[in-house]
Each structure stands twice: as C-alpha cells, then as structure tokens.
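Accompanying notes for the structure given below.
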Amino acid sequence: MSNSSRTIAEVLGCLADGSITIVDLSRPLGENTPVIGLPPEFAQSPGFTREQISKYDERGPGWYWNIIHVGEHTGTHFDAPAHWVTGKDLPENTLDKIPARKMIAPVCVIDASKESAADHDFLLTPEFVETWELTHGRIAAGSWVLMRTDWSKRTDTDDFLNIKEDGAHSPGPSVDCIRLLVERGVAGFGTETVGTDAGQAHLFDPMFPCHHLIHQAGKFGLASLCNLDQLPATGAMLITAPMKIVDGSGSPVRVFAITPS
Ligand code: MN
C-alpha cells in the first residue's frame, strides 16, 4: 500500500472507530426555512417550495419525486464570488467553475456567542480576531473562518431574522474584520445568521462588507450554518460542496466538518 493510500485508510479507520467525527453544519431545508428580506425597492428571493410529480400513485406507481423551487441563497448555503458585483469579472467565480479542491479546507471557529447574546448587533472586529489568534495561533491562509454566535439556536423564524422597525438586527463581521481576513488569505467567511453580513450591514461603508470585500477577493461565503458549538477552535476540516449550477451564484449546501473526537 502506498503512503497516500495508507493515509486514506487511516482516516477511514478513525471514522469507523469514532476517533474522528463528522459534524453536520447544515440546517434542514424546507418550506419553513427563513429567507433574507431586502429593502422593498429590490427584487426578493422566494422561499423553498415544491410540487409533487408522483408518490407511489397513478402518476408513478413505484416512485416518489418532487420539483423544487428555491432561491440560490436559501437556508444553509454557499456564496460564490459572482454573487456580488465586485466579484463579477473574477476567474472561477461561479459554482460550475470553482475547482473541487477549493471545497475542502481547514476551519477556524471564533466563538462570539456570549457577545452576540448580549448585543444582537455585535460585530466581529480585527481586535477580537487578533485576541483569538493569541490563544489559537494565526489564521492560516486557505482556512475558513466561521463566526459562532449560537444564532442557529433561535428556532423561531421571527427571532432568527430579528427584524425591527429599522431593519434586521443580527451579529456579523465589521468592515475592518473582513479586511483582516482577506489579508490572512482565508478561503471564506461563514456565519449562523441568514446571510454572511450583519443585520444592519446596509448602513456600513462599503455596504454589506462581507459580500463586497470577500467576493472582490475571490473568497466564498457560508450562511445559516448550525452546530458550530460542536467544533473545536482549530483542527477540524470543512467539506463544502455546493451544487454545480452553470453560472450559479450560490446554492443550498450540505456542509460537513471532519473533527477530532
Ligand atoms: Mn448568500
């Protein structure tokens, strides 16, 4: 057996004996999945709907299948660089062009759950990230950075979206935080909230900085993740494989973390 075959056998052995665990970071996708709302002057993304083709009946006696209708950015989903105008001319910017190799990467989890519980508009700052790095080491190029807020534990849609008279209130990254992460050469940035930006990020400069700056740099986004409380700060690996939609700007995604037990 070659060394590389042995490595794969070893990983499979660790999965079998439970010393490595798979954590599912995706939320169920269905008719009740919350969808981001935009200011009324913009076109809105619909939620998930489905229409039955047949279910073991006269339309198809031995089989069950549906037609699904869903916005690309619904539920736990992947943002490709082409999602934002700043990434529109980059190479490999749509789902069909992103190489599979880029969909497997190490992951850093920054725990801002206490801060986000105390302040629904909590912003991850460069100082917060650098303090995290003092304990866990510098964020390595090519890593995903996920912001843990425990927002996915808000199972009620109104609590999850948290919309007030002046718009949504949910935690996210500051402009300078995203600049720092781009400088670190991250693979992308992921959150537990409905989108990768904070609820009030339409007021930032640039507006929606995670979208603007991350996609401008050819990086990816992940939104509506869950189970981040089951991940170590470092040492896990993410597999993020969006659908291979031609010219796709994003898609619902099943995200797996491979973690030490
Ligand atoms: Mn999105």
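The values are calculated or read from the model by the stated rules, or taken from the named source; none is laboratory data. Quick caveat, the model's predicted, so the values are computed rather than measured. Methodologically, a virtual Cβ is constructed for each residue, glycine included, from the backbone with ideal geometry; neighbour enumeration extends over all protein chains shown. For accessibility, only protein heavy atoms count, side chains too; no ligands or nucleic acids. Shrake-Rupley method; radii C 1.70, N 1.55, O 1.52, S 1.80 Å.
Values as computed for the structure displayed
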item	result
Per residue accessible area of segment 58-183, 1.4 Å probe, in Å²	52
Amide H partners (placed H, <5 Å) of Gly60, local residues excluded	Lys55
GluC sites (Glu not before Pro) within segment 34-86: DSSP coil, no more than 12 neighbouring Cβ in 10 Å	Glu41, Glu58
Cα shape, segment 67-174, gyration tensor, a/c 1.5 rule	oblate
Under 14 Å, Cβ to Cβ, from Ala117 - net charge with Lys/Arg +1 and Asp/Glu -1	-4
Rounded to whole Hz, the Karplus (6.51, -1.76, 1.60) HN-Hα couplings of segment 110-117, x for glycine and proline	9, 7, 10, 5, 5, 5, 6, 6
Amide H within-cut-off set for Ser26, under 5 Å, with H built and near neighbours excluded	Cys226, Val255
Accessible area of segment 1-60 belonging to carbon and sulfur atoms, whole % at 1.4 Å probe	59
Fluctuation leader among Ser45, Ser174, Ser54 - the chain, Gaussian network, Cα springs under 10 angstrom	Ser54
Close Lys-Lys pairs in segment 75-179, where close means Cα under 24 Å and separation is 8 or more or interchain	5
Sites matching GluC sites (Glu not before Pro) across segment 164-228 that sit in DSSP coil, with at most 13 neighbouring C-beta atoms within 10 Å	Glu165
For the chain, share of DSSP beta bridges that run antiparallel, in % to the nearest 5	70
Percent of Cα-Cα distances greater than 29 Å, calculated over the chain	32
Test item: Cα-centred dipole of segment 94-186, Lys/Arg +1 and Asp/Glu -1 on Cβ, debye	660
Lys, Arg +1 and Asp, Glu -1 on Cβ, resulting dipole of the chain about Cα centre, debye, nearest 20	960
Karplus (6.51, -1.76, 1.60) ³J(HN,Hα), θ = phi - 60°, over segment 196-206, in Hz, Gly and Pro reported as x	7, 9, 5, x, 9, 6, 5, 8, 7, 10, x
Unit charges at the beta carbon, dipole of segment 73-225: most positive-side option, Phe208, Thr86, Phe160	Thr86
Highest-MSF residue in the chain out of Asn162, Asn227, Asn66 [GNM, Cα springs under 10 Å]	Asn66
